[in-house]
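The values are calculated or read from the model by the stated rules, or taken from the named source; none is laboratory data. From a predicted model like this one, the values you see are computed outputs, not experimental measurements. Because the Cβ atoms are built from the backbone with ideal geometry, glycine has one as well, and the counts that use them run over all protein chains shown. What goes into the accessible areas is simple: the full protein's heavy atoms, side chains included, and nothing from ligands, DNA or RNA. Shrake-Rupley method; radii C 1.70, N 1.55, O 1.52, S 1.80 Å.
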Amino acid sequence: MKNKILDISSLDRALLDQLDTYIKNLEGDNEENLIHVLHRAQALFGHLPHNLQLYVARALNLSGAKVNGVVTFYSFFNEEPTGKYVVSVCMGTACFVKGADKVLQKILDIIGTKKNEMSADGLFTVKDVRCIGACGLAPVVTINDKVYGKVQVNDVETLIGRYKGGQSA
Amino acid sequence: MKLIEKMIRCSINGITLDVEAGTTILQAAKKVGVDVPTLCHLDLHDIGIANQSANCRVCLVEDEKRHQLVPACAEKVVEGMAVQTDSLKAVMARRTSLELLLSNHPQDCLTCIKNLDCELQTLAHDMNIKEIHYPGEKMNHPLDLTSKGISKDSNKCIMCRRCITMCDEVQTVGILSPLKRGFDVVVATAFHLDMDQTSCTYCGQCVSVCPTAALAEMNDTPKVWRALNHPEKHVVVQIAPAVRVALAEEFGFPPGEISTGKIVAALKRLRFDTVVDTNFGADLTVIEEAHELVDRMENGGRLPMLTSCCPAWVQFIEHQFPELLDVPSSCKSPQQMVGTLIKSYYAEKRAIDPKKIVSVSVMPCLAKKAEAARDEFHQNGLRDVDYVITTRELARMIKEAAIDFKTLQEQPFDELLSDSTGAAAIFGTTGGVLEAAARTAYEMMTGKELKEVDFTAIRGLEGVREATIPMGERSLRIGIAHELGNARKLLEAIRDGKSHFDLIEIMACPGGCIGGGGQPYHHGRLDVIKARQEALYRLDATLPKRKSHQNEEVIQLYDVFLEKPGSHKAHQLLHTTYSAKTRI
């Protein structure tokens, strides 16, 4: 567990300035604002490396453990860099009973990657997520902000194919 | 506007009673003498802290009207509630909860450091668990043995979160948090850093409350046995003030038993070559510290001055307030002063090569293990203190050697580094270091004899206490804090220029060293800590000399070795420096 990158000075200063401005304009309790700040930080940096989490902890006067606890609790937050397209497969009860696990496996097979790891070409990160609240469309897959409903195993190849060239569908 | 509290009527196992709003079922049950097993629950109401995470589920009881199982520790009583703590449904549900907790718990109880001192084990015994019906998936977390003070085995964690309550709320250090979710949850440091890479102070309060061995002291007894068995080594041991009023608890004595003579006898039976007293170092600390204080007060130095005996507190200020490192006294702690003198003064006097000396200390504290290993504390390549064992570890060694502690004949300390006064005895309690320093500073500053040595106004267990002590023409404004959360408040005031104190004493643990992380487990009973505190004041009152500067051996040490308080040699041997560390 050695060599964790905790050096804050290696973070992009221009992006940190934007994050600082965002934090400065927040009102209320630091602990309550933590999730908003993390959302913002991830939007700016793409993911939440350890040094960025530590930066947020210091900016909000919270412990590093507290921030890391929140980041690792929510599947929306990524500690590792993600691909250009984040493919999220809903594993909520409705999606699960309609075969989301098989859809997930098929997606992983076609892209040739593991869950939560960026694909070698840098295009995809595939995740399983908790219920996203679209049970009527089960099983549901989201790719970045786009939602695909009633996805069957047979649809996966075409769906992923649309993103494979690197230009979004 | 204060609303008149309405009493709530409820019944526990058919016994009707009225309780105040906000009372939990557990508290109500206690009032009528009904016992409910608990595990994650920890109510330290004396210091205003309760861990009520309600996630172990071993306190489930049945709410008869709702036909529901509820956790007694967290569920509040409502009007007309009827609770059965011993219904079959409740008893079976509690058993299931416990079996589930045990299903992924390691079963190495025989060799576990908490064997026979484990709350999970006790509960498994009390609840007649003879078989676990749920062979579950086991956790497989790496052990963390990187720090000198605390060992961490997350596989033994039951997610009670008591450690987090202590570290976050009481100590405001916050190095632990639950990471991840579901079965993968682990109570860990930020980013799974090794303990020694974090801002842990090693105060050990997490260890004090951990119901299992997920957090425990680093076991240094094998190293001490090895030193004792080494034919060439001369092993010198010192014992801290708070150890003598706690160790006997491990042998069935009531809390507050003073057993100094028996401890010395036991150490001799264990074949330590010489037994010296950390209290000697405490008296010496007072002289050096009072000298430093008077110097700072008279020559416009940095005020307030903060005492520096508590190593957890030193870690805390280095990590959390690196901009304030000019406020702590530069004095080493009594442990380190005695350690230094063992390998210099003692070695010289006894004509023993310091290389052959092994310096061991018995401390109520886990941070002392880390303190002894600090870069600052060595001379000519030799550590001032080689090994530190806790009160609990010494008790284990005594048991291992089959020494009958109860019947031991009391023995005195050996001759060198062992004289001490009442002022040194109270070093083990919150307020004690400051009271001891005040007794000496008064006479230093006024040149008059202090008639009334008991500063009762600054005693007690309040988290923060303050007073003004008249010292001739001027007065000494003092502040006392124990628990690091309280220390943080005083430090923030200093940082913001709002502090009006001259001298502040800080101890990291509840009650001071008597409540240290290496003491016999109090299992949530803070009256144990009170009894230890009373014992220290009793000890002080019975000693013929109660001011550190009356310690004749200390006076002699200055005459023949150190020259005078604050001398160049005293600075070389008895003072230290601090360095800013990163907060994580």
- Query: So what's the back-of-envelope 222 nm ellipticity for chain A, counting only DSSP H runs of four-plus at -39500 (n - 2.57) apiece and dividing by all residues, rounded to 500?
  - Reply: -13000 deg cm²/dmol
- Got a number for carbon plus sulfur as a percent of the stretch B:222-574's accessible area, 1.4 Å probe? 48
- Task: Could you pull out the pairs from B:K262/B:K399; B:K89/B:K130; B:K30/B:K152 whose alpha carbons sit more than 23 Å apart here?
- Result: B:K30/B:K152
- Between B:K545 and B:H523, what FRET efficiency follows from the Cβ-Cβ distance if R0 is 35 Å, with the result rounded to 0.05? 0.45
- the stretch B:7-101: D in µm²/s via Stokes-Einstein (Kirkwood Rh, Cα pairs, 25 °C, 0.890 mPa s)? 184
- Task: Would you list, by chain and number, the aspartates and glutamates whose Cα falls below 19 Å from the Cα of A:K164, excluding same-chain residues fewer than 8 positions away?
- Result: A:D109, A:E117, A:D121, A:D145, A:D155
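How big is the antiparallel share of DSSP beta bridges in the protein assembly as shown, given as a percent to the nearest 5?
Details: 42 of 72 bridges.
Restricted to the protein assembly as shown, the bridges split so that about 60 percent are antiparallel.
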- Note on the structure: Ordering B:158-171, B:65-78 by per-residue average of other C-beta atoms within 10 angstrom, highest first, gives B:158-171, B:65-78
- With the dipole of the stretch B:429-584 worked out from charges on the C-beta (+1 for Lys and Arg, -1 for Asp and Glu) around the Cα centre, which of B:V464, B:A535, B:G432 lies farthest toward the positive end? B:V464
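Given Cβ point charges of +1 (Lys, Arg) and -1 (Asp, Glu) and nothing else, what value in debye, to the nearest 20, does the dipole of the stretch B:7-101 about its Cα centre take?
Dipole about the Cα centre, nearest 20: 220 debye.
Under the 0.36 nm per residue contour assumption, what length would be gained going from the current alpha-carbon distance of B:K30 and B:K233 to full extension? Numbers along the way, then the final one.
Numbers: separation 203, 0.36 × 203 = 73.08 nm, distance 5.47 nm.
So the extension gain works out to 67.6 nm.
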- Solvent exposure ordering (accessible area, 1.4 Å, most first) of B:I529, B:I352: B:I352, B:I529
- Which of the aspartates and glutamates could a cross-linker bridge to A:K150, judged by Cα under 19 Å and excluding same-chain residues fewer than eight apart? A:D101, A:D128
- Check: C-alpha center the stretch B:14-91 vs C-alpha center the stretch B:334-351, spacing in Å is 55
- Query: Contour minus end-to-end for B:Y558 and B:E415, with contour as 0.36 nm per residue of separation and end-to-end as the Cα-Cα distance?
  - Reply: 49.8 nm
- Query: For chain A, what proportion of DSSP beta bridges, expressed in % and rounded to the nearest 5, is antiparallel?
  - Reply: 55
- Any chance you could check the Cα centroid distance between the stretch B:301-320 and the stretch A:1-61 for me, in angstrom? 30
- Helices from chain B with mean Kyte-Doolittle at least 0.5 and a Cα length along the axis of 18 Å or more, per DSSP H: which? B:88-103
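Where does the stretch A:85-164 land on Rg/Rh, using Cα atoms and the Kirkwood Rh? Please list the in-between numbers first.
On the way: Rg = 11.3 Å, Rh = 12.2 Å.
Ratio of gyration radius to Kirkwood radius for the stretch A:85-164: 0.93.
How would you order B:120-126, A:128-134 from highest to lowest mean count of nearby Cβ atoms within 10 Å? Can you show the working numbers first?
Numbers: B:120-126: 17.0, A:128-134: 15.4.
Those peptides, ordered most packed to least, come out B:120-126, A:128-134.
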- Solvent-accessible area, 1.4 Å probe, carbon plus sulfur percent, for the stretch B:7-101: 51
- What residues of the stretch B:170-199 lose no less than 20 Å² of accessible area with every protein chain in place versus their chain by itself (probe 1.4 Å, heavy atoms only)? B:G174, B:S177, B:L179, B:K180, B:R181, B:A190, B:F191, B:H192, B:L193, B:D194
- Message: Please compute the alpha carbon radius of gyration of the stretch B:222-574, then divide it by the globular-protein estimate 2.2 N^0.38 Å. Two decimals is fine.
- Response: 0.93
- Message: Per residue, how much accessible surface does chain B expose to a 1.4 Å probe? Answer in Å², no decimals.
- Response: 40
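Defining a contact as two alpha carbons under 8 Å apart and six or more residues distant in sequence, what relative contact order in percent does chain B show? Don't skip to the end; give the middle numbers.
Numbers: 1166 pairs, mean separation 92.6, N = 584.
Value for chain B: 16 percent.
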- Query: For B:H234, which sequence-distant residues (separation of 5 or more, or a different chain) have an amide H within less than 5 Å of its own amide H, given hydrogens modelled in the peptide plane?
  - Reply: B:I357, B:V358
- Note on the structure: Relative contact order in percent for the stretch A:113-154 (Cα pairs under 8 Å, 6+ apart) equals 23
- Query: On average over all directions, what projected area in square nanometres does the stretch B:62-159 have, based on the convex hull of its Cα atoms?
  - Reply: 8.5
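Kindly provide the Kirkwood hydrodynamic radius of the stretch B:132-218 in Å, to one decimal, from all pairs of distinct alpha carbon atoms.
It works out to 13.2 Å.
Per DSSP helix of 4 or more residues, -39500 (n - 2.57); summed, then divided by the residues of chain B. What does that give at 222 nm, rounded to the nearest 500? Walk me through the numbers before you get to the answer.
Values: 18 runs with 174 residues, N = 584.
When only DSSP H runs of four or more count, the value is -8500 deg cm²/dmol.
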- Note on the structure: Bounding extents of the stretch A:8-73 in its principal axis frame from Cα atoms, largest first in Å, are 25, 25, 18
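Using only alpha-carbon positions, what ratio does the radius of gyration of chain A give when scaled by 2.2 N^0.38 Å?
On the way: Rg = 17.7 Å, N = 169, 2.2 N^0.38 = 15.5 Å.
Rg over 2.2 N^0.38 Å, computed on Cα atoms: 1.14.
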- Task: For the protein assembly as shown, just the Cα set please: Rg and Dmax, both in angstrom.
- Result: 29.5, 96
- Item | Members of A:K24/B:K498; A:K66/B:K530; B:K349/B:K564 lying beyond 29 Å, as alpha-carbon distances in this model show | A:K66/B:K530
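Rounded to the nearest 20 debye, what is the charge dipole size of the stretch B:132-218 about its Cα centre when +1 sits on each Lys and Arg Cβ and -1 on each Asp and Glu Cβ?
Working: 8 positive and 9 negative charges, 39 e Å.
Computed about the Cα centre, the dipole is about 180 debye.
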- Considering Cα pairs under 8 angstrom that are at least six residues apart, work out the relative contact order of the stretch A:38-168 and quote it in whole percent. 23
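Taking each residue in A:52-59, count the Cβ atoms of any other chain within 10 Å of its Cβ, then average. What number comes out?
Working: counts 0, 2, 5, 0, 0, 4, 2, 0.
Going residue by residue through A:52-59 and averaging, the value is 2.
With r as the distance between the Cβ atoms of B:E169 and B:D295 and R0 = 45 Å, compute the FRET efficiency 1/(1 + (r/R0)^6) and round to 0.05. Spell out each step's value before the answer.
Values: r = 38 Å, r/R0 = 0.84.
Efficiency, rounded to the nearest 0.05: 0.75.
If you place +1 on the Cβ of every Lys and Arg and -1 on the Cβ of every Asp and Glu, how big does the dipole about the Cα centre of the stretch A:8-73 come out, in debye to the nearest 20? Walk me through the numbers before you get to the answer.
Details: 5 positive and 7 negative charges, 39 e Å.
The calculation lands at about 180 debye.
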- Query: Where the centroid of each part is defined by its Cα atoms, how far is the stretch B:168-228 from the stretch A:114-128 in Å?
  - Reply: 34
- Message: Per-residue counts of other Cβ atoms within 10 Å, averaged by peptide: what ranking do you get for B:25-37, B:132-144, B:416-428, highest first?
- Response: B:416-428, B:25-37, B:132-144
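Show me the trypsin sites (Lys or Arg not before Pro) within the stretch B:451-538 that DSSP assigns to loop and that have at most 16 other Cβ atoms within 10 Å of their Cβ. Intermediate results must be reported in sequence, preceding the final value.
Details: sites: B:K451, B:R459, B:R465, B:R474, B:R477, B:R488, B:K489, B:R495, B:K498, B:R525, B:K530, B:R532, B:R538; in loops: B:K451, B:R459, B:K498, B:R525.
Of the trypsin sites (Lys or Arg not before Pro), the ones in loops of the stretch B:451-538 whose Cβ has at most 16 other Cβ atoms within 10 Å are B:K451, B:K498, B:R525.
Roughly what % of DSSP beta bridges within the stretch B:222-574 run antiparallel, to the nearest 5? Each step should come with its number before you reach the end.
Working: 10 of 32 bridges.
Roughly 30 percent of the beta bridges in the stretch B:222-574 run antiparallel, per DSSP.
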- Message: Given a 1.4 Å probe, show me the residues in the stretch B:565-584 buried by at least 50 Å² of accessible surface when comparing the whole protein assembly to the chain alone.
- Response: B:R583, B:I584
- A:D20 paired with A:N61, simple spin-label distance in nm, labels 7 Å along Cα-to-beta-carbon: 1.8
- What's the Cα-based Rg to Rh of the stretch B:209-351, Rh via Kirkwood? 1.03
- Item | Chains A and B, summed buried accessible surface - 1.4 Å probe, Å², nearest 100 | 1700
